[in-house]
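What follows is a single structure, written as structure tokens, with notes after it.
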């Protein structure tokens, strides 16, 4: 009993120590980022690098999908929404009704890869074929030059920006209802590397040697130059939406300046994504100018 | 002020009433949030076959495909768990030596304390490849894998309750049977089982209520496709999984938000109905045995 008591007191002391060491920073220096799973690794790396010079800012980055982040921004729960798709006009309307004006920044560029099992003989598809496969018009690999196997579709859930981007730009129609809806991008990679008849779509940052990225319209997403120049057809901007115009020299403003600076963009590249284009940079400059 | 008998009684009464209030509160909360959905969605649409509220073309609000997904998983899970649970209960109450029972019963009940996300991981990494190779599929994300893991989850409920039911059979019944020259097996089959039937039914219903509500483990292995399921080897998207997936992206107060609450209401009514049924049957059963 006595020993138990000592142990208890010790553990309470220890917890107290770690808590005071961590030190709760002032509330205004807390930043909550939420949204895209595609961008999760990138923003976690950016936050870590940023904290090296801004130790007083406490940043939490969580995923859940672009739709999740945008909904949280509209509901006023977070400071910045990470999104791999632009906000829809009706979403911006809803935010404004709640007194929140989302301000758009483009932090990086991403290529979207269509992946299959390495043993799949199909190595190349056209954009139209990809669309027909995902809308359910083509259901067997032999129709696109592969084995006589039924195609198993893997995709993200409707909370995902990648789900919406892929549907709106490639399919321009609803997904086949037989598509398995996976929890995240890694789940798609895992499923496709285990399923010889599978097909999936993932950001190029998530490509592994265990899956094969298909060549689309003559270009392969593993060719960084082709993705950067836009020769590869599935490239997209990756966004962040701030909760209103950031306060001058506030944590959001500082984080944004860092992310768009040369060292910030280096971090973007190190996580497998591409730097913003000069057009993106110009758009970002305009938004930053609003801060003053 | 002196604490009298009366104060104590009021205190305990308040505690009792609290759970009723919580129940009514949750029901009211669901109802208020759900009811707005039906300003935009007709009942006919709500009970349609296709669910796709974020469609590229036009939102569709039919929950039948998801409901069938839920029922498919639950039915298959019970088909596995009920016999297993009953045999376990029979063994524990009638055949096991006291020492074996002392170890086995807590062990069975401990299954209930495994977090369901852990069971989901086991299902994803072990069961799903197993199901795939057994049935010659390219992947094991389907209703059957989900049913298997749900069966594991409801097993303790059914086993433990049926053990209680079998133990409640008065000793006089058993002794009477044996005295008439019946074998142990004959007593089990002709005396104990028949006098426990309604209790077994109640245990099954309680297991069913648990199975309907299971979410995370199911979500991890069911495949979650929106297509109307045609068999156990098809991917399904049970109601619980659908709510868990979509509640994250909905804007508070939108039609989609309200529709998910309406779906929650449907789930609530289903589990409530089965639990009430189980409770009624169980009460009658115990009274009859006691008499």
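What follows is calculated from the coordinates using simple rules that are stated; it is not laboratory data. The shown structure was predicted, so the numbers you read here are calculated from the model rather than taken from an experiment. Note: ideal-geometry Cβ built from the backbone for every residue, glycine included; neighbour counts use all protein chains shown.
Computed over every Cα-Cα pair of the protein assembly as shown and binned at 20 Å starting from 0, the pair-distance distribution P(r) comes out as 17, 42, 31, 9, 1 percent. Using a 10 Å cut-off around each Cβ, can you sort B:288, A:236, B:174 from fewest to most neighbouring Cβ atoms? Least crowded to most crowded, the residues run B:288, B:174, A:236.
Send over the Kirkwood Rh of region B:93-162, from the inverse of the averaged 1/r over different Cα pairs, rounded to one decimal Å. Each step should come with its number before you reach the end.
Numbers: mean 1/r = 0.0735 Å⁻¹.
One over the average 1/r among Cα pairs gives 13.6 Å for region B:93-162.
For chain B, the share of alpha carbon pairs falling in successive 5 Å distance bins from zero is 1, 5, 10, 12, 13, 13, 12, 11, 8, 6, 4, 2, 1, 0, 0, 0 percent.
Give the relative contact order (percent, whole number) for region A:85-228; include only Cα pairs under 8 Å separated by 6+ residues.
Values: 226 pairs, mean separation 49.7, N = 144.
RCO, region A:85-228: 35 percent.
Sorted largest first, the principal axis extents computed over the alpha-carbon atoms of region A:26-175 equal 62, 37, 20 Å.
Taking the inverse of the mean reciprocal distance over all distinct Cα pairs, the Kirkwood hydrodynamic radius of region B:14-149 comes to 19.4 Å.
When only alpha carbons are used to place a centre, region B:265-291 and region B:1-28 end up 24 Å from one another. By the helix-only formula, in which each DSSP H run with n ≥ 4 contributes -39500 (n - 2.57) and the sum is divided by residues, the protein assembly as shown has a 222 nm mean residue ellipticity of -17500 deg cm²/dmol.
The P(r) of chain A has a tail past 24 Å containing 55 percent of all C-alpha pairs. Pairs of Cα atoms nearer than 8 Å and 6+ residues apart set the relative contact order; for chain A it is 25 percent. Per residue of peptide B:237-250, the mean number of Cβ atoms on other chains within 10 Å of the residue Cβ is 4. For region B:188-264 and region B:47-113, what is the separation of their Cα centres, given in Å? Using only Cα atoms to place each centre, the spacing works out to 8 Å. From least to most packed, judged by other beta carbons within 10 angstrom and beginning with the fewest, B:287, A:94, A:196 follow the order B:287, A:196, A:94.
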